């Protein structure tokens, strides 16, 4: 009470004495507020306008779509331009024989509109597929596709398109992404493009597997983005239960979330996300009407041995057959929303000899076709035609083969000569002790999320150590520090120390990668060599695998110097690089791993850390054979790819393609080192099994290998080589495409065709290994806005407490009438 | 009692000041750093060696970038010249537009990719149009001009824009939409420019 009175007493005199001053202050305050509001308006004027714009286009969409959506086709209008998704049906037939799979994919484009259109479709295939054939099927007629250099093929296609001829073009976007384009698809007409490719099967732990990517999962979440406040429900994976009405709704709410006002720049590009989501709706609509899947799949399995355990983990399948011949098809009513994977193994009683070590093929698959297309392409380059003539003579005498390289323990097959049976048992039974060196980049560029991911990866790797293992942790920025001088035993107290060490790491400073590399790669060998005798050192080498896991974003400048350093210092160590962050320097990391004879793992998100690191650890903790070589009996080396055979891990045999003149019938020798012990197998080539398409696989492996060595300096040469190989083996590569053109023009008004995008499958690998674009925004403006608003609130509150708000001031004099000296106008 | 009353507004004011200073710090950092980087760049122009703008930096300037609007064949600059840092990490981006290291180097053949923050350095990007000019100065003092050919909005997962190209391409990436306030955005504004004959200077 006392206080209050004092307060009153004090306050009133102030008011009384300084009326003018207070007036000034109050107006000053309100002026300040106005100024702040104006400032805010100037700072963020466009936002409100932008969003109202979008809302308008959104409602337009709704109007159009509701009236015009018909079965199997979805129209959407953007800036007055009409886009449609083109329905497409895919028929897949696979023929598995031995270790290879011949796949033919029939894509049927149906034009349900009344206009002529050009369609395009982007789709994934498995990464080692060699696409060698394309046929354009128009009703009864079949037009065989020609292989042409990419630019030439594109020109041929564009010419046919403008002349009103039906044409199709298959080209490669990326290693596993292809595009089919069709030109001049008439109203209510159907065109089929049949693409055939050859691929190797995967074999691991006694199990064969093949994979056909057809993922159409909803990957995009435009609704949650900042572009639009509307939220979009994730469409459930199992679309059968979703009514088409619901999916239409989600489609409608999806389209406005695309920044549609910007479509004028590049419609094809922008529509991809929507196209992807729409595809599901198409499927749902199709499902409702045709009672079937849009992807039909039939596998003819001729394994060459009695098959057991045919399995498809993601789809329900129907199996017919017995012994070594089976027919597998998808059960209808299934939604094609996951990759098709088929696995099988040999029956138990046959498990010892199901695997023939060699398959061969005489001559090329595409000789005849080649000669036709050669006339066409050789006019362009004389140099190439010479090569072709040379090859023509030899063509029939060349043998292409596929040979399985098995590490010693898995090689129980009778035809293998085992030189070193003792080591085999050791390897297969015991966990190999190893030395794990974890290297983490703590330079400034790793700050924030990257370092957190890296730390998690480290902690996870540390947790997997056993007391048999040795380990060390090294961190580096411009300086370098390590957990201990010598590698530590993996005891729980040491691991605890390491965890502590990792947790307190902070990102700062520059990136001096070279010193950390040399310490991590050479440290044990050199130091042991200085102090101990040669025998001990050899022991150390033979028992401990030295594996270096190098976690960084690869922000380095002297790449080539580092590659040389890795090559020189590698010794018996293996370097596994782990890329972290939104845009790691994959060029550096992949090649560093290649020179370090390890692998490159990319971790894009924190949620992936565990699965990726555990995959890597599981792989590298298996016994390994190194220095694998493939030779003839007389020591000469066949032409095989990949030329640098990677380390062989237990239960993961490798398939290597080779090419050999058919007069050379010597046996092949596979050799290598396992735990310091030399071993070799002899592979008998006298009774090889015949298989088709091995030349394609050989050429594809060679192209992969050539492209892997691509650098900025040899870009042109690599391209030339790839183009030559593509032309010779009739393969779609990064430099060659298949094009088919119908002779007779059908569309006199070709220039008025509309372009349509077929809903797009997105491969599993599309998003993850590539990561995301760098994050290019800060919350600075948001912070300023929040800060200013809070300050204004505080100010207003303060004024209110003081009773100085303009409104309060008008009332105040009435309350304080006894104070008297207030005059209000 | 009186002090009780004033707790709330003073707390609010305190929080407000901290937010404000955080936001202002980012803006000031972005602007001020450019002066230091400019000094490092002028040293680099002299000896063609990387110079750190400040002693503890993890990066160095690799190029100078200018935007020019093509207003009826008369070129006038958009925004201030910017200095491009090596390595598009979050930290570097706070100081200036940064070169994505997986792309081609400045002046090299291929796809040169530069990312920048939409609320600081690359804010002027919203003014550029097709046909405008981007000028890039290499460490040898060479001026290279790029003509803007595409402007796309892509989702952050569409890393196709980072692919190598055979011709000389410059790709500028920033977040989209520009007026958005938060630090996270799913979309990117991608400006693609192709090298034009730099035999004569356009400006």
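Numbers below:
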| quantity | calculated |
| --- | --- |
| Those residues of segment A:435-466 which are facing another protein chain (nearest Cβ under 10 Å), more than 12 Å from residue A:505 (Cβ to Cβ) and in a loop (DSSP other than H, G, I, E, B), in sequence order | A:448 |
| Entirely in segment A:579-660, the strands (runs of 3 or more DSSP E) that have 1 or more residues that are farther than 14 Å from residue A:552 by Cα | A:624-632, A:639-641 |
| Any hit, segment A:589-606, residues being more than 14 Å from chain B (Cβ to nearest Cβ), surrounded by fewer than 19 Cβ atoms within 10 Å (Cβ to Cβ) and free of Cβ contacts under 8 Å to residues at least 12 places away in the same chain | no |
| Test result for residue B:57, within 11 Å of another protein chain (Cβ to nearest Cβ) and outside any loop (DSSP other than H, G, I, E, B) | no |
| Some residue of segment A:750-772 being surrounded by 15 or more Cβ atoms within 10 Å (Cβ to Cβ) and at pLDDT 80 or above | no |
| Test: residue B:50 is surrounded by fewer than 16 Cβ atoms within 10 Å (Cβ to Cβ), in contact with a strand residue (DSSP E or B) (Cβ under 9 Å, 6 or more places away or on another chain) and either farther than 29 Å from residue A:786 by Cβ or at the interface with another protein chain (Cβ under 7 Å from one of its Cβ atoms) (or both) | yes |
| Single residue of segment B:80-96 satisfying the filter (surrounded by 17 or more Cβ atoms within 10 Å (Cβ to Cβ) and more than 9 Å from chain A (Cβ to nearest Cβ)) that is nearest to residue B:171 (Cα to Cα) | B:84 |
| Unmet requirement for residue B:111, which otherwise passes all of (1) buried (at least 23 other Cβ atoms within 10 Å of the Cβ); (2) modelled with pLDDT of 85 or more; (3) more than 25 Å from residue B:27 (Cα to Cα); (4) in contact with a helix residue (DSSP H, G or I) (Cβ under 9 Å, 6 or more places away or on another chain) | (1) |
| Subset of segment B:185-195 (residues that are more than 7 Å from every other protein chain (Cβ to nearest Cβ) and either closer than 16 Å to residue A:773 by Cβ or surrounded by fewer than 24 Cβ atoms within 10 Å (Cβ to Cβ) (or both)) | B:189, B:190, B:191, B:192, B:194, B:195 |
| Considering residues of segment B:156-177 that are modelled with pLDDT of 85 or more and within 8 Å of chain A (Cβ to nearest Cβ) only, the residue nearest to residue A:783 (Cα to Cα) | B:175 |
| Matching entry among A:101, A:111, A:118 (being modelled with pLDDT of 75 or more and either farther than 20 Å from residue A:189 by Cα or assigned by TED's automatic domain parsing to the domain that holds residue A:695 (or both)) | A:101 |
| Options B:103, B:131, B:141; residue that is within 17 Å of residue B:41 (Cα to Cα) and in a loop (DSSP other than H, G, I, E, B) | B:141 |
| Single residue of segment A:145-176 satisfying the filter (closer than 30 Å to residue A:299 by Cβ and out of contact with any helix residue (DSSP H, G or I) (no Cβ under 7 Å at 6 or more places or on another chain)) that is surrounded by the most Cβ atoms within 10 Å (Cβ to Cβ) | A:168 |
| Any hit, segment B:17-31, residues being part of a helix (DSSP H, G or I), touching a residue at least 24 places away in the same chain (Cβ under 8 Å) and under 30 Å from residue A:798 (Cβ atoms) | yes |
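One line per residue, one yes/no per condition, for (1) touching a strand residue (DSSP E or B) at 6+ places or on another chain (Cβ under 6 Å); (2) without any contact (Cβ under 8 Å) to a residue 12 or more places away in the chain; (3) over 30 Å from residue A:560 (Cα atoms):
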| residue | (1), (2), (3) |
| --- | --- |
| A:665 | no, no, yes |
| A:668 | yes, no, yes |
| A:683 | yes, no, yes |
| A:698 | yes, no, no |
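The values are calculated or read from the model by the stated rules, or taken from the named source; none is laboratory data. Remember, predicted model here, so these are calculated numbers, not experimental data. All Cβ positions, even for glycine, are placed from backbone atoms using ideal geometry, and neighbour counts span all protein chains on display.
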